[in-house]
Each structure stands twice: as C-alpha cells, then as structure tokens.
Amino acid sequence: MHVAPGNPANLRAPKAKSIPTMDPSRTPTHSPALAAQPDPAPEAPARQRSPWHGLGDLVLSTDPMQRLRISRSLTSMLVFAVCIGATEYAQTRDLIETGPARWLQTTLLVWIALVYAVLRSGWNRQFDDPAMSLPQILGAQTWVAAAYLICHPFRGALMMLLALVLVFGIFNLSGRERRLSNLYTLVLMSGAMLLTVVWYPGSAALEIVHFVLMATILPVVTVLGAQLATTRAHLKSKKDALEIALQRIQAMAIRDELTGLFNRRHMMEVLEQQTRRQERSGKPFTLCLIDLDHFKRINDTYGHGAGDEVLRHFAEIAQYTLRDTDVLARWGGEEFLLMLPDTPADAGSLSIERIRKSLMHAPLVPELPELHVTFSAGLMEFNQGDEMRTAIERADRALYQAKSDGRDCTRVYA
Ligand code: GH3
Ligand code: MG
Ligand code: MG
C-alpha cells in the first residue's frame, strides 16, 4: 500500500457555482442516474415498416396527437359516409328528390374534406382546441338538420344521429361547450321541424312527437355525458396522484432518505452493471470506501441533528465535486462507497483529494462555522477478472489502513 498522490498543486479549485441541494424525491438527471441505467441495448435493426404503415402515416400523419385527432374525426366521418350511401339509395328509390339529395351529399363531402384538410395540414394546432370538437359537432348537427328537411319520408330515423353526434363530444367538450352544442341542436332542429310543418301541414302531429322526444332525449344525453366526464376527470386525477406516488416510492426504494444518495442495495445493482460493462470495455474502474473521521465525536459534541447535517452536506459537496458519471452511495452510517467508472486508481485518488479540498473550505453547518470534518478513504482499482465482493473487502482494508495511519488520508490497495 502507498499514500495516494494528494498534491494540492494538482487539484482543481472548487467550482464557483452554488452547491445544489439534494431532494430525495426528485428523479436525478445527473451521474448516478446515468450510471444506474441498464446497459444500452445493442443497436436494434431498423424495423421493417409495411406499406400499410406508410399509408397510415400519409393519411393520419406521424405525430401521435394528430393521428388520434384525425382518426377520431374520420371515425365520425365514416358514419356520415354511410349516410351519403343511404341518401343515394333513397333517391334511386324515389324516396327523396335527386336535386336536394345531391346538394346534401356534396355539401357533406365538402365539409368532410375541409375538416380533414385543416387537421391533416396541422393548421388546427394553433386553435385553442386543436381537436376542433365543437366546430365538428356543430357542423354535423347542421347537416342532420338539413337532412331532416330533405329526407322527409325517413326523417324520424335521422334523429338517432343527433344523439350520436353529442356522444362524440362527451369527453372532448367542456361543460359550457356541451350545453352550447345541446342548445344549438335544439334550436336548429326546432326550426327544421317548424319548416316541416309549414311545408307539409299534415305532418304537424308527428312533428310534435318528434319535438317532445328530441327535447327530452338531448338534455338527458348531455347530463349523462357530464356525469361521465366528471367520473373520467376524477379517475384521471386519481391516476395522476398514483403515478406521482409511484415515482416517489420508486425513488425511496433506491435512495437514502437523509442524503438523497443511492442506498446500499441500489449501489450493489449499479456495481453489477458496472462489472458487466467493464468486462466488455476492459477499462479499469475505481472503488473507494469513504468514512468520516471521529464522527461519533461530532454527534457527541454538537448533537445528532448537526451530525445529520454534516452527512447531508458531505454528500452534496462530494457529488458537486465529482464527475457526472461517478456514482456515490451511502454505504451505511457515516460510510460512503464511491465508484469512478473508466478510472484507474491514480486518477481516482485525485478525485478523492478534490473532495477533501472542497470539504476543507466548505462550511458544513452554517450555524457552526467552526465545525469541520475530515475523512479517510480506502481505494482499489477494479480490473478484469476481479470479483466485486473481494474488491469491496480490499477497499475496506485500505480504509482500515488509512484510519491506522492517522486518518484524513487515502490509501490504495495494492
Ligand atoms: P472513525 O474515525 O474511526 O471512523 O470514528 P467514528 O467516530 O467516525 O466511528 P464510529 O464507528 O465509532 O462512529 C460512527 C458514528 O456515526 C456512530 C453513529 O452514531 C454515527 N452515525 C451513524 N449513522 C448516523 C446518522 O445517520 N446520523 C448521525 N447523526 N450519526 C450517525
Ligand atoms: Mg467514522
Ligand atoms: Mg464507520
């Protein structure tokens, strides 16, 4: 064993930025998380895309949100495409006049094309509601009202469409928009029914029946829709709360509560992954056990709370000083395990000395400026063929040596 080259002249001055406070619940974006990530999978071969996928991208776009909007819109348009077929059949059977039927079919096709063009071009993205639910629903109800006038012999059947259109709006409209579309439908259809009575005076009784049914069913659909929307919003907020709770639980499972560092169990997983990585790359990495010196004295002199603060600040200072790819874990009590990937022992020693220097200058507990702490470190270089359990034992032996040699120093297992 030899003393690590801790020449202060070789050490970098601590960075001038403030030391970030560790929040145990946050998902780390720096080194430990990176290091803890599973090995990158070997590059997957480019997935073969069928011509259907290409056609889907062309019709629906590649943006997932736009795809959802366009496919929803096309589903509702499908119903109207069937309606166009039905009116075509009706006019061939002389149920309705050809001229008005053609006008109805053409305007509907133009409407469908217009809505699709706006969605597919992405123009809808600038609207408050990019799904354009309200205009689509109002447009559809307008078409149903026109069809009610033109398809006189089977107009009663068309009333089914009114409710169907409102169902499309249940999840996509706000309460105010739902009431607006309901009112619009009622006013529009009342006008269509009145015109029907004017044009066909003999149908007044049937129109009254139609009106009563419509005036009953549409508000009920709206109320049921509102209840479903509330239930859905409630479930969504519960799901969001569960997701947040799950994230916290996952963070707690791998992190030490006091310092926010990885806990011992998770560090073992990180080390296993690092061993596998090392087997492939052949580059050595450094393991280092760090133990705060005379920590019991700090507890005894300043109290357990101050001791906790020291542990927390030591973790922050060390992390701040280390590279993004280095992983520091709380190994237990006032003992920490550090893993420096792709780092031989001499370079690892320099990193440890940087922490030592930062610790010397940093006030650990602002209320206790006289409180300073030192640490002893036992370091070993992990090479191909080494076994993790033995490696940690070796680092521990080096640490024991550092303690025996008077503390506040680093020893390398050799
Ligand atoms: P040495 O230099 O030989 O390491 O001496 P030491 O006093 O640091 O070592 P010892 O193992 O005798 O004492 C470690 C102390 O660390 C005892 C324990 O109460 C304290 N400790 C362990 N975990 C915590 C903690 O989470 N918070 C606080 N405040 N103290 C802790
Ligand atoms: Mg100690
Ligand atoms: Mg100890």
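Since every read-out is calculated from the coordinates, none of them should be taken as a lab result. The model shown is predicted, which means the values in this text are computed figures rather than measured ones. Note that we place each Cβ from the backbone using ideal geometry, even for glycine, and neighbour counts take in every protein chain shown.
How do 387, 381 line up, fewest other C-beta atoms within 10 Å first? Each step should come with its number before you reach the end.
Working: 387 10, 381 22.
The fewest-first ordering by Cβ neighbours comes to 387, 381.
With a 10 Å radius around each residue's Cβ, average the other Cβ atoms per peptide and rank 187-194, 167-174, highest first.
Going by the mean number of other Cβ atoms within 10 Å, highest first, we get 167-174, 187-194.
Output the relative contact order of the chain, whole-number percent, from Cα pairs under 8 angstrom with separation of 6+ residues.
Values: 500 pairs, mean separation 89.1, N = 414.
Averaging sequence separation for qualifying contacts and normalising by length gives 22 percent for the chain.
With a cap of 16 neighbouring Cβ atoms within 10 Å, and only residues DSSP puts in a loop, list the trypsin sites (Lys or Arg not before Pro) found in the range 51-142.
Sites meeting the loop and neighbour criteria: 93.
Would you give the gap between the C-alpha center of the range 175-204 and the C-alpha center of the range 363-378, rounded to a whole Å?
When both Cα centres are located, 80 Å separates them.
Using a/c under 1.5 as the rounded threshold, could you call the chain rounded, prolate or oblate? The axes a ≥ b ≥ c are square roots of the C-alpha gyration tensor eigenvalues, and prolate needs a/b larger than b/c, oblate otherwise.
Here the chain falls in the prolate category.
Mind pulling up the Rg/Rh value for the range 349-414? Radius of gyration and Kirkwood radius, both on Cα.
Numbers: Rg = 14.4 Å, Rh = 13.1 Å.
With Rh from the inverse mean 1/r over Cα pairs, Rg/Rh is 1.10.
Can you tally the lysine pairs in the chain where the Cα-Cα distance is under 25 Å and the two residues are eight or more apart, or on different chains?
Lysine pair count for the chain: 5.
With n ≥ 4 as the cut-off for DSSP H runs, can you work out [θ] at 222 nm for the chain, using -39500 (n - 2.57) per run divided by the number of residues, rounded to the nearest 500?
Working: 13 runs with 255 residues, N = 414.
My calculation for the chain gives -21000 deg cm²/dmol from helical runs alone.
Can you give the charge dipole size of the chain about its Cα centre, rounded to the nearest 20 debye, using +1 on the beta carbon of Lys and Arg and -1 on the beta carbon of Asp and Glu?
1000 debye
What's the exposure ranking of 310, 198, going from fewest to most Cβ atoms within 10 Å?
Sorted ascending by nearby Cβ count, the order is 198, 310.
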